[in-house]
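Take a look at the structure set out below.
The values are calculated or read from the model by the stated rules, or taken from the named source; none is laboratory data. What you are looking at is a predicted structure, and each value in this text was computed from that prediction instead of being measured. Neighbour counts run over all protein chains shown; Cβ positions are idealised from the backbone, glycine included.
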Amino acid sequence: MVRMNHSHNLIGSLEHVTASYTSAPPARKVAATHRADQLAAWVAFSLDEPSALKSLQDAAEELRDIPELAAVLPRVAEASMELLGAEFGNIQFVDPRDDSLVLVTQSGFGDEFLDHFAVVHDSHSVCGRAARQGTQAVTADVRDDQGLTPHQRIFRTSGVRSVQSTPLVDHTGRLLGMISTHMSQPGRPSDQDLRIMELYGQLAGEVVARHLIVPGAADHPHNGTVLDRRLPLLERTESTNGVTQWVYRVDEPYGPGGCRTYGIHPDQWRGRITTDHPDHDAEYAAALVARDLRAEWNIHPAGEARPVHIHIWRGWEGTHQDAAFTMEIGPDLNGHRHRAVDPA
C-alpha cells in the first residue's frame, strides 16, 4: 500500500535560494530539440488521452489560483507522488549562483536524507543527471546503479529503491529545478505515466516561474509576487527608442466564471510581439494574434468552441485587470474590444 505523507517546505532553504532569483534567474535551458519533442508529446497526448490532458490542465489551473509559492510547492509534490503512486517526493530549485540543486520541499523523508541531499552538486545523482541533460531521468533500482555509490547508505536507511526526476521548466525552457519521486520497491513507472509526469513538470514549472522570477530579469515576461516592484519595472519596460515589447496570452472560458490558457499546449497561444512604430499599440498587437487565430480556425474548424479572450500587456504578463488591451473573438465573431488602460 502506498503511504502518502503531508508535504512541507524547508523554509530556510526556500528563502535562501529564492532570494538569488531577484538578481538573476538560472541560465541553463532545456535543449531546443528536446523542447520540440515536448511539444510533439503534447499534441500526441491531446489526441490519445484527451481526458488525462484535461485532468492535467485542471491541476495546473488549481495551482494558478494559489497566491503564494510556499503553498504551491507542497501541492506540486503531492500531485507528482499521486501521479506516479510514489511514497516519497521532493522538489529542488536550481541556485543561479552555482547551478546546484537546493532541496526546498519534501514528503516522507527523515532528517538524515534531508541533510545528505540538502544541496546537490553531484551530476551523477538521479536529479543531477536530469538537470545536466535537461531531460527526465529514471533509476529502476538504486542498488544496481554504480553512479549512486556515494548515496547508497542514505537510500538504504531511508527505504528508497527507485527514483525518477523530472525537470521543472518555465515556458521559455529555462530549468528552474527538479521534481523527484521515490519508491521503496524497485521498478520503473510506465512510459505513459512518465510522459504525464513530464508534461506536469512543464505546467507546474510555468506556475512556479510566475512566483519565482522577477520581471526584467533575463527578459522574463512574468511578474513577481511583490506588488511594489511593478511600478519601477513598468517604467523600465516602456517603449525605448520607439521599440515596445508586448506580451500576449489567449484564454478560453473554463468552469463557472473562470478561464484557462487556450490551446492544447500552455505555450501555444502566449508569447511576445515587438513593435517599432508609434501606431503599433496594444490593439495592433491583439489584431496580429487574432489574425493567426482565424487562420488556425480556418485550417482546423473549432466547431462549437466558445469565444476566447486575447490579453495584451506591455513588458510582461500580468493579470486580466492590468492588461493594456483585451479582445474577445470567436470562430463566428468579429473582435469585441475592451481597452483596460491607454497603451499609448
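Remarks
- Of residues in segment 312-344 being surrounded by fewer than 16 Cβ atoms within 10 Å (Cβ to Cβ) and among the hydrophobic types (A, V, I, L, M, F, W, C), the one modelled with the lowest pLDDT: Ala344
- Within segment 8-28, considering residues that are surrounded by 12 or more Cβ atoms within 10 Å (Cβ to Cβ) and more than 18 Å from Met178 (Cβ to Cβ), the one modelled with the highest pLDDT: Glu15
- Among the residues of segment 50-106, the ones that are outside any helix (DSSP H, G or I), among the charged types (D, E, K, R) and in contact (Cβ under 8 Å) with a residue 40 or more places away in the chain come to 5 in all.
- In segment 107-118, the residues that are surrounded by fewer than 20 Cβ atoms within 10 Å (Cβ to Cβ) and either free of Cβ contacts under 8 Å to residues at least 40 places away in the same chain or among the aromatic types (Phe, Trp, Tyr) (or both): Asp111, Asp115, His116
- Among the candidates Asp99, Asp95, the residue that is crowded, with 17+ Cβ neighbours inside 10 Å and assigned by TED's automatic domain parsing to the domain that holds Ala59 is uniquely Asp95.
- Selection status of Ser51, closer than 18 Å to Val104 by Cα, of a type in the set (Gly, Ala, Ser), out of contact with any Ser or Thr (no Cβ under 8 Å at 6 or more places or on another chain) and modelled with pLDDT under 90: no
- Selection status of Gly110, of a type in the set (Gly, Ala, Ser), within 22 Å of Ser184 (Cβ to Cβ) and at pLDDT below 95: yes
- Filtered residue count, segment 161-195, keeping only those that are outside any strand (DSSP E or B) and crowded, with 23+ Cβ neighbours inside 10 Å: 1
- The lone exception for Glu283 - which of (1) over 26 Å from the mean Cα position of the chain (by Cα); (2) modelled with pLDDT under 80; (3) assigned to a helix (DSSP H, G or I) it fails: (2)
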